[in-house]
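**Q** Handing you a structure now.
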Amino acid sequence: MNAKRNVYLAPYLAWMALFIVIPIALIVYDSFFDIDGGFTFGNYEKFLTPIYLKMTVSSIWYAFLITVFSLLIAYPAAYALTKMKHKQLWLLLLILPSWVNLLLKVYAFLGIFGTYGFVNGALEALGIGRQQILFTDFSFVFVSVYIFIPFMILPVYNALEDLNPSLVFAARDLGASGWTTFRKVVFPLTLDGVKAGCQAVFIPALSLFMITRLVAGNRVITLGTAIEQHFLVTQDWGMGAAIAVFLIIAMVVIMLLTGTGQAGRVRR
């Protein structure tokens, strides 16, 4: 029985080794070499300088904002979905944009937020006048939230679907208000879904680079942008790899902190 199980496990282990373990090992290996190919710890020393630390704080801050706004929009949307008829159809319509190529969606927003785009046209019609919307923090966060919302909705929706409605009815029968029921029953019992959604949004948001370049016009500088610059422009693969190592460590820490353990418990 164990031999048969090992046979089935082999393809999975091979896939993990080829596409996860070996690439990470290569990144760690490259991080100890300078641009001339010499062994050095200088890349990590350089990463601890103020410019990169500021970039790290900026990346974490924007990833936090994107995650919070995604959650604030996705949770009510997922809750409303569970109360609708044909909810599977509505869920499909909500996640359908995630099937569209990311670059196409970003270019669509360039037209929508552009000087002569739909939003500025509406503002001008209202007498407000045309505004600079592109290449701002607002446009960067807005587009990022739009792209990541489906990844937040799905785990939250699944958690709400698994929630036993009799617990909600019992809380209301015992005199709990709607807000108290949500705070002490619904939210704690769906916390695993919230954590999974936060992982699915925060981790990739840490390393965004294409949206920062096209929508924010490089006014928003993140670690993902720095990695792209080092690998494709300056050709300093060692420094780019050192930043990538930090991102990998940050992602592991986030997964440990938001790891789903036992299902949420009802607070007393």
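**Q** Quick one: in the range 43-63, which of the residues that are among the aromatic types (Phe, Trp, Tyr) and surrounded by 15 or more Cβ atoms within 10 Å (Cβ to Cβ) is farthest from the chain's Cα centre (by Cα)? Can you show your working first?
**A** Within the range 43-63, the first condition is being among the aromatic types (Phe, Trp, Tyr), and the residues that meet it are 44, 47, 52, 61-62.
Applying the additional criterion that residues be surrounded by 15 or more Cβ atoms within 10 Å (Cβ to Cβ) yields 44, 47, 52, 62.
Values: TYR44: 25, PHE47: 23, TYR52: 21, TYR62: 10 Å.
Step by step, filter the range 43-63, then rank; the result is TYR44.
**Q** In the range 114-143, what count of residues is obtained for those that are under 17 Å from ILE66 (Cβ atoms) and in a helix (DSSP H, G or I)? Break it down stepwise before answering.
**A** Quick first cut of the range 114-143, residues under 17 Å from ILE66 (Cβ atoms) only: 136-143.
In the following step, the residues that additionally are in a helix (DSSP H, G or I) were identified as 137-143.
The number of residues fulfilling the criteria is 7.
**Q** State all residues of the range 213-262 that are assigned to a helix (DSSP H, G or I), surrounded by fewer than 21 Cβ atoms within 10 Å (Cβ to Cβ) and among the hydroxyl-bearing types (Ser, Thr, Tyr); if no residue qualifies, say none.
**A** Matches in the range 213-262: none.
**Q** A further question follows. Give me a count of the residues in the range 78-111 that are free of Cβ contacts under 8 Å to residues at least 24 places away in the same chain, open to solvent by less than 80 Å² (accessible area, probe 1.4 Å) and of a type outside the set (Gly, Ala, Ser). Please lay out each step first, then the result.
**A** Restricting attention to the range 78-111, the residues satisfying the condition of being free of Cβ contacts under 8 Å to residues at least 24 places away in the same chain are 80, 83-90, 92-93, 96, 99-101, 104, 108, 111.
Among the residues that remain, those that are also open to solvent by less than 80 Å² (accessible area, probe 1.4 Å) are: 80, 87, 92, 96, 100, 108, 111.
Still in the list and also of a type outside the set (Gly, Ala, Ser): 87, 92, 96, 100.
Counting residues in the range 78-111 that are free of Cβ contacts under 8 Å to residues at least 24 places away in the same chain, open to solvent by less than 80 Å² (accessible area, probe 1.4 Å) and of a type outside the set (Gly, Ala, Ser) gives 4.
**Q** If a residue has to be closer than 16 Å to THR225 by Cα and touching a residue at least 12 places away in the same chain (Cβ under 8 Å) to count, how many in the range 43-65 make the cut? Outline the logic, then answer.
**A** Start the filter on the range 43-65 by keeping residues that are closer than 16 Å to THR225 by Cα, which leaves 47, 51-63.
So of that shortlist, the ones also touching a residue at least 12 places away in the same chain (Cβ under 8 Å) come out as 47, 52, 55-56, 58-60, 62-63.
Number of matching residues: 9.
**Q** Considering only the range 66-77, state which residues are farther than 10 Å from PRO150 by Cα and in contact (Cβ under 8 Å) with a residue 12 or more places away in the chain. Even if it seems obvious, please write down each step before you answer.
**A** Just the residues of the range 66-77 that are farther than 10 Å from PRO150 by Cα, to begin with: 66-69, 71-73, 75-77.
Passing the criteria: ILE66, THR67, PHE69, LEU71, ILE73, TYR75, ALA77.
**Q** Further question on the same structure: Tell me, please, whether a residue that is outside any helix (DSSP H, G or I) and either of a type in the set (Ser, Thr, Tyr) or open to solvent by 60 Å² or more (accessible area, probe 1.4 Å) (or both) can be found in the range 1-15. Write out each step before concluding.
**A** Within the range 1-15, the first condition is being outside any helix (DSSP H, G or I), and the residues that meet it are 1.
Those left that are additionally either of a type in the set (Ser, Thr, Tyr) or open to solvent by 60 Å² or more (accessible area, probe 1.4 Å) (or both): 1.
Yes, the range 1-15 contains a residue that is outside any helix (DSSP H, G or I) and either of a type in the set (Ser, Thr, Tyr) or open to solvent by 60 Å² or more (accessible area, probe 1.4 Å) (or both).
The values are calculated or read from the model by the stated rules, or taken from the named source; none is laboratory data. Quick caveat: nothing in here was measured; it's all calculated off a predicted structure. Every residue, glycine as well, gets a Cβ built from its backbone with ideal geometry; the counts of neighbours run over all protein chains shown. These accessible areas exclude ligands, DNA and RNA; they are computed on the full protein's heavy atoms, side chains included. Shrake-Rupley method; radii C 1.70, N 1.55, O 1.52, S 1.80 Å.
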